[in-house]
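The values are calculated or read from the model by the stated rules, or taken from the named source; none is laboratory data. Given the structure is predicted, the values throughout are model-derived calculations rather than measurements. Glycine gets a Cβ as well: all are built from the backbone with ideal geometry, and neighbour counts include every protein chain shown. Side chains included, ligands, DNA and RNA excluded: accessible areas come from the protein's heavy atoms. Shrake-Rupley method; radii C 1.70, N 1.55, O 1.52, S 1.80 Å.
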Amino acid sequence: MEPSLASYLALSGILFTIGAVGVIFKRNAIGMFMCIELMLNSVNLTFVAFSRYYADTTGQLFVFMVMAVAACEAAVGLGIIIAFFRNRQSVDVDDASILKN
Amino acid sequence: MASDALFFVFAGFAIACAISMVYHRNPLYSAISLVGVFVALACIYITLAAPFIAAVQVLVYAGAIMVLVVFVIMLLNLDEDRPLNRLRFLYAIGGGLGLILLAQTFFIFYAVMKAPQHSVEAGETAGKTMSIGQAMYTEYLLPVEIIGVLLLMAIIGGVVLSRRLSQPQLELVVDNELDKRHQEEEKGDFRIAL
């Protein structure tokens with residue numbers, strides 16, 4: 001006896017909601033970055049759950065790809081954050097307004 | 001039943017850690033909560049018979065990515081996030097988005113619950129490392145190679161972004177380049193000029 005597919009999807013949806021709301025509420029660029037990682041993880045959970053319930057390996061392969069993309073995103077995103085901090089002495093996204101007007 | 005109990009324990013832990021990540025204003029507390037989410041999800045992957053993904057989750061997410069994040073937080077010596085003093089309408093937007101997404105989640109939950117259940121056969125091989133490796137290097141070889149190129153691009157991007165040249169250094173580099181060009185032109189070698 002296992003939890004049904006629906007419960008995994010529900011958990012994934014709840015985590016995605018928390019991540020999406022967090023991206024809007026956070027002002028810290030690193031906090032937003034971590035919320036995006038949380039959303040990527042909730043999608044990974046959906047892939048693995050479907051892979052389990054339909055007995056298909058493709059879902060897990062796709063999770064592997066998502067993880068590689070997340071690692072690239074971490075490297076480039078944190079590089080951008082450090083470059084931004086050097087210029088502005090802040091990681092607040094509200095300070096990134098030089099392109100405004 | 002044991003599997004059910006494990007799922008609810010880890011699901012509750014994951015949700016609690018996720019909420020704590022959004023709630024805390026100190027980025028370091030957020031990062032530690034996020035590690036909790038990753039570990040809980042790795043445990044859920046094991047109950048889903050995906051040990052390879054669980055191991056990669058702990059190695060890549062809880063290991064590599066979070067170490068990088070904590071390292072950046074320490075390097076920048078970040079203080080606490082200031083509260084939202086302007087853009088009050090963000091609360092409304094965020095709350096609305098959260099409600100919509102939660103409603104969708106419950107809709108999907110009931111729709112999938114009502115659908116005919118797909119029974120899981122015992123002795124599945126979908127999560128075995130060997131079957132994943134075989135699929136990765138035969139059927140999905142091209143995506144794996146594209147991922148390799150993407151990682152190379154990320155390395156180059158990281159180096160370019162984190163390299164810092166001050167204004168005198170930048171002028172020095174430009175002057176050196178111009179000098180080299182002039183010398184080549186004087187020698188009558190137009191390879192660079194062309």
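Can you tell me what percent of all Cα-Cα pairs in the stretch B:18-76 are more than 15 Å apart? It would help to have the intermediate numbers written out before the result.
Numbers: 862 of 1711 pairs.
Within the stretch B:18-76, distances greater than 15 Å cover 50 percent of Cα pairs.
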Starting from one equal scatterer on each C-alpha and no solvent at all, send me the Debye-based log10 I(q)/I(0) for the stretch A:5-55 at q = 0.13, 0.16, 0.28 Å⁻¹, two decimals. -0.33, -0.46, -0.93
Please calculate the 1.4 Å probe accessible area of B:Leu59, with all protein chains present, and give it to the nearest 10 Å². 120 Å²
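Just to be sure I understand: if I project the alpha-carbon convex hull of chain B onto a plane and average over all orientations, what area do I get in nm²? Can you show the working numbers first?
On the way: hull surface 80.7 nm².
Result: a mean projected hull area of 20.2 nm².
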Once B and A are treated as a pair rather than alone, how much accessible area drops out, both sides summed, in Å² to 100, probe 1.4 Å? 6900 Å²
Relative to the first principal axis of the alpha-carbon coordinates of chain B, what is the inclination of helix B:167-186, with its axis defined by its Cα atoms, in degrees from 0 to 90 and to the nearest 10? 50 degrees
Could you give me the percent of Cα pairs per 10 Å distance bin for chain A, shortest bin first, beginning at zero and ending with the bin that holds the maximum distance? 15, 35, 28, 15, 7, 1
If you find the alpha carbon centre of the stretch B:1-21 and of the stretch A:1-62, how far apart are they in angstrom? 13 Å
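Average projected area of the Cα convex hull of the protein assembly as shown, in nm²? Please list the in-between numbers first.
Numbers: hull surface 84.1 nm².
Hull-based average projected area comes out at 21.0 nm².
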About its Cα centre, what dipole magnitude does chain B give when the only charges are +1 on Lys and Arg Cβ and -1 on Asp and Glu Cβ, stated in debye to the nearest 20? 700 debye
Among A:Val21, A:Asn87, A:Ala74, the residue whose Cα sits farthest towards the positive end of the charge dipole of chain A (+1 at Cβ of Lys and Arg, -1 at Cβ of Asp and Glu, taken about the Cα centre) is A:Asn87
The convex hull of the Cα atoms of the stretch B:1-110, divided by residue count, gives a volume in Å³ per residue of 112 Å³
